[in-house]
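Only one structure is covered here, and it is reproduced in the block below.
The values are calculated or read from the model by the stated rules, or taken from the named source; none is laboratory data. Owing to the predicted nature of the structure, the values given are computational and were not obtained by experimental measurement. Positions of Cβ are backbone-derived with ideal geometry, glycine not excepted, and every protein chain shown enters the neighbour counts. Keep in mind that these areas ignore ligands, DNA and RNA; they rest on the heavy atoms of the full protein, side chains included. Shrake-Rupley method; radii C 1.70, N 1.55, O 1.52, S 1.80 Å.
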Amino acid sequence: MTAASSLPRIVAVAQERTGAGRWAEAAALWQQVVDLNPVNGSYWDYLAEARYELGDYQAALTAYEAVLRLGAWGKRLADTVYPGEAGYRIARCQLGLGAHELAVAALSRALDLGFRDLDRPRADPLWEPLRAREDVRGMLGILDPDTLSRDEGWRADLAFLAREVRRRTPSRDYDETEFGAAAARLAAAVPELSDAQLIVGLLKLLRPLGDGHAYIAPAEDDQDLNRVLPVKLYLFAEGLFVTAVASAQHRRLLGAQVLAVGEHDATEALAALEPLLSRDNTQQVRWLGPEVLRWPPILHALGLLADPGSVPLTVRFPDGTSGTVTVGSQAGGPRTYPSIPPPPSPTRPRPPGWISLPDTVPSPLPLYLRNSDVLYWYEYLAARRLVYFQFNGVGDHPAEPLAAFCDRLFRFVDRHEVATLVIDLRWNGGGNTYLTQPLLHHLIRCDKVSQPGGLYVIIGRGTFSAAQNTATAIGRETSAIFVGEPSGSRPNFIGETIPFQLPYSKATANVGDLYWQTSWPMDHRPWIAPDIYTPPTFEAYRSNRDPAMEAVLACREHLPGGAGPRWD
């Protein structure tokens, strides 16, 4: 056996020793591995970890420099080492060696390389001797709010946000000169602006990045700014309607069309919010606009409301009569992404504990509204030889990880009379793209559905982030027929949810730092356009009908290109 051919066996044993924490043995084995293969950065990362755990910081530092030079990539997110992360680990090695000046320089380099998690050095005991230094505090965004006036504090937040945008964003639309000028204008105006108006200003500052993941949200304990209307709004083809209410107090508003907010026409109010909404495309504005319209402090900051505590809504009730109902704002719940405004999530049509219009309709719930709060589930329509799979979030359910669920789903498809698979991504706002690979692999190798007419994907304005990547990959690798309305993101987009806190106000900010290129480099579409266009209508929603599934089930003609299902 040659040395090269023995490498896989040595790697397997070295991984076992690493997993068991047997660091001396692991270090010796990984040294053999990198001697045999010095061009694989992942091997160097394993060696660096073992050396670091043994306290051999100099050897670990040398290995991490190789990781930084070569990169370390794994099939799992946990096995991938970003350049900024490698730079930070080098800084920790320098701390272990007691080389404080070199550690500070390495931290600065890590930030330049895009290091994400500033909370780690803020809390890491190794940095304790250095956290009083002004240069370190500046890099980590550490300040004492009690020593600053309000104006100084907000300006410090603005400077910190501007720095984070500059070092994080991969935006091709980002103009540093224009951004700097806008930030300077906002900083100069701080004394004249309320906290809510400053949040508005920060949102407007992020808008030109072309980053649908970018946002600013007030500190979670801010009782004044985290107030929302206890109604859920959705923009249909016919207009803006109330689709759910938080309690019976506002039950009369269910199904009402919102004609005006305060003194402003609903269309005018939505247009006033448009400059605040970072987006990948205009579908995202249709998705988030009605949600932000539920955020009275922001409406008040924009001059749309006289009082953020009570909001007059002029509506047309389901019986055709019109009137004005004043709705009081209430505290928002725990925040989840997207974080503007406070919950409920825009991707959940029937918020838990609320009264939702579909639940008040005599006809049964359509499939797409039944379990929209569950990450993933499927149902077999035997008469149609069709499996309906609703995929509502790219994550692992505690009871069954996504990979295991996909195994079970396709085992069912293999063992039953199935001619068509429908994947519904309408309510899927994203998650961890790494988890979607098993689904894609199953689709590619499943002969029953991987042919024209065998696979339908329902998309909409809420199909975003990791769900957009999923839809893009399915469209690239299969003959799927897309149904619904355009997706809420681009095939290639800036993304990532890696929020950070502004040091004075404790507001939460997010700026995507990756350019996802799931499609081809020349794909400049603003969205995935459906092959069969079925935009949401209130007429269908109030009757518990699903135009998208109706369109799928109505496809009976077998035309060139496979535009029909195979259940005949």
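Could you please let me know if Ser479 is open to solvent by 10 Å² or more (accessible area, probe 1.4 Å) and modelled with pLDDT of 95 or more?
When the stated conditions are applied, Ser479 does not pass them.
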Within region 429-468, track down each residue that is among the polar types (S, T, N, Q) and either closer than 28 Å to Arg556 by Cβ or surrounded by fewer than 24 Cβ atoms within 10 Å (Cβ to Cβ) (or both). Asn432, Thr433, Thr436, Gln437, Ser450, Gln451, Thr463
Number of positions in region 157-183 that are open to solvent by 30 Å² or more (accessible area, probe 1.4 Å) and either assigned to a loop (DSSP other than H, G, I, E, B) or in contact with a Phe, Trp or Tyr (Cβ under 7 Å, 6 or more places away or on another chain) (or both): 5
Selected residue (criterion: least open to solvent (accessible area, probe 1.4 Å)) from residues of region 5-25 that are assigned to a helix (DSSP H, G or I) and closer than 17 Å to Asp56 by Cα: Thr18
State which residue pairs qualify: first residue in contact (Cβ under 8 Å) with a residue 40 or more places away in the chain and among the charged types (D, E, K, R) and inside region 305-323, second residue part of a strand (DSSP E or B) and surrounded by fewer than 16 Cβ atoms within 10 Å (Cβ to Cβ) in any location, beta carbons under 6 Å apart, and separation of 6 or more residues or different chains. Arg316/Ser322
Every residue in region 482-507 that is within 28 Å of Gly141 (Cα to Cα), crowded, with 23+ Cβ neighbours inside 10 Å, within 13 Å of the chain's Cα centre (by Cα) and polar (S, T, N, Q), please. none
Quick check on my filter: what residues within region 171-190 are under 30 Å from Gln517 (Cα atoms) and among the small types (Gly, Ala, Ser)? Ser171, Gly180, Ala182, Ala183
Taking first residues from region 264-282 that are in a loop (DSSP other than H, G, I, E, B) and second residues anywhere that are among the charged types (D, E, K, R) and surrounded by fewer than 22 Cβ atoms within 10 Å (Cβ to Cβ), the pairs with Cβ under 6 Å that are 6 or more apart or on different chains are Ser278/Arg207
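Which members of region 88-124 meet the condition of being closer than 18 Å to Arg166 by Cα and not basic (Lys, Arg)?
Within region 88-124, Leu107, Ser108, Ala110, Leu111, Asp112, Leu113, Gly114, Phe115, Asp117, Leu118 meet the criteria.
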Verdict on Pro318 being of a type outside the set (Val, Ile, Thr), surrounded by fewer than 22 Cβ atoms within 10 Å (Cβ to Cβ) and assigned to a strand (DSSP E or B): no
Residue among Leu54, Leu107, Leu113 that is under 29 Å from the mean Cα position of the chain (by Cα), at pLDDT 95 or above and surrounded by fewer than 20 Cβ atoms within 10 Å (Cβ to Cβ): Leu113
Could you please find all residues in region 184-195 being open to solvent by 10 Å² or more (accessible area, probe 1.4 Å) and in contact (Cβ under 8 Å) with a residue 24 or more places away in the chain? Leu186, Ala187, Pro191, Ser194, Asp195
Cβ pairs under 6 Å, 6+ apart, first in region 26-47 and open to solvent by less than 50 Å² (accessible area, probe 1.4 Å), second assigned to a loop (DSSP other than H, G, I, E, B) and modelled with pLDDT under 95: Gly41/Gly71
